[in-house]
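Okay, structure first, notes after.
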Amino acid sequence: MAAAFLLGCVRPFSFPAFQGFITERVAKERRAAMNAWVQGADGTLGMLGPVAGVAVVTLLGPRPDSVAALRMVVRERALLWATVLLTLANFTFPAAAANLVYIVAGPDGDVPASLAVVAAAQGLGAALGAAAAPLLLRRFSAGALMGAAMAVKALALTLPAFQPGIGALIVCWFVVGTTTSTFIVPWRTYRQGAVDPEFLGRVVGLQRAIPFAAIPVSSLLGGWLVVEFGVAALFTTIAVIQVFVWLGTHFSPLGRSGSSRVEAAGAPVIPASQPSRTGGN
């Protein structure tokens, strides 16, 4: 936690410094395109570390375990739907987050202090959402809570489309942080009850690697949209995509998962061809 805090403190200093560097070295008419590409590259590099990490966990272990984990994800419909929807969701908010500096600073690269407030709002929302999720799970099923979180997130992403100002961005980032936590907590709790503990690490690795692979494409598309068509077009597009994520969550087996006590809908999923952990097949 201390390392995460220190790393988080670096970005408020590095972003303004780098924007100043661009202002000094890049001609004014080229700054918009440069800022977009820089943010896209930042999103890509931020994705490579997690993808490499989960690839090591997933692929470098015993091969039969990785195959069994893949079978689990394909066979259990809620796990499969979650993988697809999490991948689609990475074409929504991450597309805006990767281009936040450009959205706030504009093509001139003048970074206001409000950028830190926007970023802090997301962290505050995430903390509050994480605190509220266990309480909400006492009254609502995991599926219902996940569906509601995705619906509210879609509404939050529409705010900057109508009013692309700092106030709307702060509210949007706060709500996204909250809804992310109120989705992740029930989802992880449900998955822990639906997957054999011996294969949980492999399943988690697969379900992180696939959605993370969408982030660089999302970052580049977001940069292209905001430069060519403006902030409103970017948020309109990602809000529409988020509506489809909500519909998928609500009407798929994922939306019907769990009870009010976050119990899995059935016994843990164990592949029929699961190899013995004590030797032999």
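So the values come out like this:
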read-out	value
Gain upon complete extension [residue 229, residue 67; 0.36 nm per residue less C-alpha separation]	53.9 nm
204, 243, ranked by accessible area, largest first (probe 1.4 Å)	243, 204
Inter-probe distance in nm under a simple model that places probes 7 Å from Cα toward Cβ, at residue 132 and residue 77	3.1
Protein-only accessible surface order, largest first, of 175, 67, 84 at 1.4 Å	84, 67, 175
With every protein chain in place, segment 165-221: carbon and sulfur % of accessible area (1.4 Å)	73
In order through segment 238-249: 3J(HN,Hα) via Karplus (6.51 cos²θ - 1.76 cosθ + 1.60), integer Hz, x for Gly, Pro	6, 5, 5, 4, 5, 4, 5, 4, 5, 4, x, 5
Rounded if a/c under 1.5, otherwise prolate or oblate - segment 80-180, Cα gyration tensor axes	prolate
Accessible surface, segment 108-265, averaged per residue in Å² (probe 1.4 Å)	44
Solvent accessible area, Å² - residue 124, 1.4 Å probe, full protein context	100
Where 208, 202, 77 fall by accessible area, highest first, once all protein chains stay in place (1.4 Å)	77, 208, 202
Other-chain or far-sequence residues with amide H under 5 Å of residue 195's (modelled H)	269
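The values are calculated or read from the model by the stated rules, or taken from the named source; none is laboratory data. Remember, it's a predicted structure, so these values are computed and weren't measured experimentally. Counting neighbours? That spans all protein chains shown, and the Cβs are built from the backbone with ideal geometry, glycine included. The protein model used for the area step is the full one, side chains on, heavy atoms only, and it has no ligands, DNA or RNA in it. Shrake-Rupley method; radii C 1.70, N 1.55, O 1.52, S 1.80 Å.
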